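The values are calculated or read from the model by the stated rules, or taken from the named source; none is laboratory data. These numbers were taken from a predicted model, which means no experiment stands behind them. Ideal geometry is used to build each Cβ from the backbone, glycine not excepted, and the neighbour counts take in all protein chains shown.
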Amino acid sequence: MPSESLKIDNARYIITVDPERRIIQDGSILVENGSVSRVGKAAALANATADRVIDARNLVVTPGFLNGHMHISYAHAVRGIFPDNLGSPLSHVFKLQMAMTEEEEHATTLLGLVELVKNGTVCFVDPGSTKFPDACLQAYQDAGIRVILGDCVTDQEAPFPLPRYATAEAVTRTMSFLKKWQGRLDGRIRAWAMPFSPETCSADLLRQLKRVADERHTCLTLHHNSGPQARKDSQARNGHTPTEYLESVGVLGPNVVLAHSLGLDDAEIECLARTGATVAMCPVTAAKGGRGVAEFGRMPELLAKRVKVALGCDSPNNSNHLDIVRAMNMAAIQYKDSRQDMRLIPAESALEMATLVGAQALGVADEIGSIETGKRADLVLFDTQRPEWQALFNPVNNLVYNADGRSVHTVIIDGRVVVDAYRQSFVDEPKLYAMVQEIGEKLQARTGTTFPRSRWQIV
Ligand SMILES: [Zn+2]
């Protein structure tokens with residue numbers, strides 16, 4: 001934990017996302033012992049001194065971003081290999097994922113972390129894709145990022161290769177994972193229960209894992225979709241819609257985060273609102289994957305019912321970027337288009353999902369998600385000296401509609417500067433890129449996963 005104090009001085013704007021949603025023009029922030037100790041007008045903090053002062057007159061400051069569903073492991077090594085005409089790449093995805101070695105996963109994880117922090121993500125949920133967290137611990141420590149980890153478990157037949165165990169073993173594994181990982185790295189690591197999905201886990205397993213999460217005061221996340229076919233299948237299997245099924249087996253609650261959650265009907269949304277279960281939606285994955293947001297996306301209705309929604313980037317082969325600013329942009333524009341109503345998902349709502357509301361969805365809002373006295377100092381400083389930030393009158397609109405993660409200038413997590421004027425200092429990037437390229441070549445050869453390199457001839 002840094003004992004160094006830090007002052008972000010005279011920021012062009014501070015978008016606090018505090019309870020009054022104040023945007024402070026010419027604002028300053030004082031960071032002491034890793035927390036925000038003061039935030040206000042620069043003039044009011046003029047006499048506050050610190051070990052380091054960042055001149056922020058050309059910077060816009062936001063809370064650090066949360067990424068509620070972000071698989072990092074195999075995908076960086078083989079990013080972009082699936083041609084569009086392949087359709088769903090899922091069977092290949094899990095085959096590649098299962099074939100990763102410890103050393104390979106360490107390298108791809110490092111690359112994932114570099115991309116995440118450089119785009120302003122300070123906390124992300126890896127939904128059980130990391131097979132070798134021990135090997136990745138040093139990477140988490142070096143990057144300084146907050147990570148929510150879990151052991152992906154299933155106890156049923158699945159259409160693709162997933163880690164499958166006897167029910168009791170899946171529960172034991174989860175319990176030991178929570179015991180080992182919860183609270184490490186000064187609390188920056190959290191551990192959750194991570195059953196893959198309702199289709200691949202028995203009701204008994206889901207129920208037991210929910211109980212474990214409750215007893216350990218932690219959360220549970222799983223993949224969840226509905227829609228006409230899934231509702232029909234679920235009705236035939238257990239007499240309920242997919243969401244009501246989860247409620248019927250006692251698996252919904254404020255510590256449960258459902259991922260994707262497309263195709264919910266009104267009763268299912270009511271069910272989430274009633275139980276306090278939250279959602280992590282991946283708007284770019286939904287769009288790129290042709291999941292039919294126009295028909296199946298219910299983000300406006302979820303938010304209207306005050307269901308807490310976080311945004312996610314899913315995977316480097318799904319969305320494919322790890323840039324929450326672009327996810328905010330997609331969330332803000334896709335409902336306007338699909339429902340022909342420009343009032344839907346205003347820029348402010350998109351920013352809330354990436355910050356405070358996302359933090360509430362992930363159960364970490366007591367620590368992060370807004371810039372307020374007493375909260376941990378997780379901050380993103382955007383560089384406005386770039387064409388896409390001109391002209392600047394409304395910083396929220398410019399952030400969500402004009403910018404992307406490339407204007408992230410400086411990132412602070414837990415009071416530590418992890419990206420400093422565009423540079424991170426925890427890894428040699430060109431060396432890492434070469435290593436991951438080589439891993440990708442070997443992984444494809446080893447698993448026999450090959451596709452034409454491009455639909456156009458590479459000469
Ligand atoms: Zn996922």
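Could you give me the residue pairs with C-beta distances under 7 Å whose first residue belongs to the stretch 304-317 and is farther than 24 Å from E348 by Cβ, whose second residue is within 16 Å of the ligand (Cβ to nearest atom) and of a type in the set (A, V, I, L, M) wherever it lies, and which are 6+ apart or on separate chains?
Final answer for the pair search is S315/A75; P316/A75; P316/L322; N317/A75; N317/V93.
Being within 16 Å of the ligand (Cβ to nearest atom) and of a type in the set (K, R): is that true of K336 here?
no
Filter the stretch 371-381 down to the residues that are within 16 Å of the chain's Cα centre (by Cα) and within 26 Å of G276 (Cβ to Cβ) and list them by number.
Hit for the stretch 371-381 is D378, nothing else.
Given M342, M353, which one is crowded, with 24+ Cβ neighbours inside 10 Å and more than 16 Å from the ligand (Cβ to nearest atom)?
One residue alone meets the criteria, M353.
Just to verify a result, which residue in the stretch 178-226, among those that are more than 16 Å from the ligand (Cβ to nearest atom) and part of a strand (DSSP E or B), is farthest from R164 (Cα to Cα)?
I189
So which residues in the stretch 307-333 are within 16 Å of the ligand (Cβ to nearest atom), assigned to a loop (DSSP other than H, G, I, E, B) and not small (G, A, S)?
C313, P316, N317, N318, N320, H321, L322
What is the one condition in (1) surrounded by fewer than 24 Cβ atoms within 10 Å (Cβ to Cβ); (2) within 16 Å of the ligand (Cβ to nearest atom); (3) at pLDDT 95 or above that D151 does not satisfy?
Unmet for D151, out of (1) surrounded by fewer than 24 Cβ atoms within 10 Å (Cβ to Cβ); (2) within 16 Å of the ligand (Cβ to nearest atom); (3) at pLDDT 95 or above: (1).
Out of curiosity, is V117 within 16 Å of the ligand (Cβ to nearest atom), in contact with a Gly (Cβ under 8 Å, 6 or more places away or on another chain) and not in a loop (DSSP other than H, G, I, E, B)?
Against the criterion (within 16 Å of the ligand (Cβ to nearest atom), in contact with a Gly (Cβ under 8 Å, 6 or more places away or on another chain) and not in a loop (DSSP other than H, G, I, E, B)), V117 does not qualify.
From the list A365, A445, A391, pick out the single residue that is free of Cβ contacts under 8 Å to residues at least 60 places away in the same chain, aliphatic (A, V, I, L, M) and assigned to a helix (DSSP H, G or I).
Answer to the check: A445.
Would you point out which residue out of T167, T130 is hydroxyl-bearing (S, T, Y) and surrounded by fewer than 21 Cβ atoms within 10 Å (Cβ to Cβ)?
From the options T167, T130, the qualifying one is T167.
Are any of the residues in the stretch 243-257 closer than 19 Å to A193 by Cα, of a type in the set (G, A, S), at pLDDT 95 or above and in contact with a strand residue (DSSP E or B) (Cβ under 6 Å, 6 or more places away or on another chain)?
no
Residues to consider are G276, G289, G297; find the one that is under 24 Å from D314 (Cα atoms) and within 16 Å of the ligand (Cβ to nearest atom).
One residue alone meets the criteria, G289.
Give just the number: which of (1) charged (D, E, K, R); (2) farther than 30 Å from N317 by Cβ; (3) modelled with pLDDT under 95 does D84 not satisfy?
Result: D84 passes all but (2).
So the check is Cβ under 7 Å with 6+ separation or different chains; which pairs have a first residue in the stretch 161-181 that's touching a residue at least 40 places away in the same chain (Cβ under 8 Å) and a second one that's in a loop (DSSP other than H, G, I, E, B)?
What qualifies is L162/F196; L162/T200; T167/D155; T167/S202; L178/R216; L178/T218.
Output the residue which, of all residues in the stretch 59-78 that are among the β-branched types (V, I, T) and farther than 19 Å from I189 by Cα, is nearest to the ligand (Cβ to nearest atom).
So the residue we want is V78.
So L246 clears everything in (1) of a type outside the set (K, R); (2) more than 16 Å from the ligand (Cβ to nearest atom); (3) buried (at least 19 other Cβ atoms within 10 Å of the Cβ); (4) part of a loop (DSSP other than H, G, I, E, B) except one condition, right? Which one?
Every listed condition holds for L246 apart from (4).
Would you say K118 is crowded, with 18+ Cβ neighbours inside 10 Å, of a type in the set (K, R) and either over 22 Å from the mean Cα position of the chain (by Cα) or farther than 19 Å from T221 by Cβ (or both)?
So K118 fits the description; yes.
Report, by residue number, each residue of the stretch 36-52 that is within 13 Å of R416 (Cα to Cα) and either surrounded by fewer than 17 Cβ atoms within 10 Å (Cβ to Cβ) or in contact with a Pro (Cβ under 6 Å, 6 or more places away or on another chain) (or both).
Selection gives D51, R52.
Would you be able to tell me the number of residues in the stretch 406-431 that are closer than 29 Å to Q385 by Cα and in a helix (DSSP H, G or I)?
Qualifying residue count for the region: 4.
May I ask you to say which residue of C271, C282 is modelled with pLDDT of 95 or more, within 17 Å of V357 (Cα to Cα) and buried (at least 18 other Cβ atoms within 10 Å of the Cβ)?
C282
Modelled with pLDDT of 95 or more and within 28 Å of E104 (Cβ to Cβ) - does that describe any residue in the stretch 389-404?
no
Can you tell me how many residues in the stretch 217-230 are buried (at least 17 other Cβ atoms within 10 Å of the Cβ) and at pLDDT 95 or above?
Adding up the residues that qualify gives 7.
Conditions (1) surrounded by 24 or more Cβ atoms within 10 Å (Cβ to Cβ); (2) acidic (D, E); (3) within 15 Å of the ligand (Cβ to nearest atom); (4) not in a loop (DSSP other than H, G, I, E, B), marked per residue:
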position: D134; (1), (2), (3), (4): no, yes, no, yes
position: V147; (1), (2), (3), (4): yes, no, no, yes
position: E157; (1), (2), (3), (4): no, yes, no, no
position: T174; (1), (2), (3), (4): yes, no, no, yes
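Results for (1) within 16 Å of the ligand (Cβ to nearest atom); (2) without any contact (Cβ under 8 Å) to a residue 24 or more places away in the chain; (3) assigned to a loop (DSSP other than H, G, I, E, B), shown as yes or no for each residue.
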residue: R57; (1), (2), (3): no, no, yes
residue: G80; (1), (2), (3): no, no, yes
residue: L96; (1), (2), (3): yes, no, no
residue: E105; (1), (2), (3): no, no, no
residue: L113; (1), (2), (3): no, no, no
residue: C123; (1), (2), (3): no, no, no
residue: P127; (1), (2), (3): yes, no, yes
residue: T130; (1), (2), (3): yes, no, yes
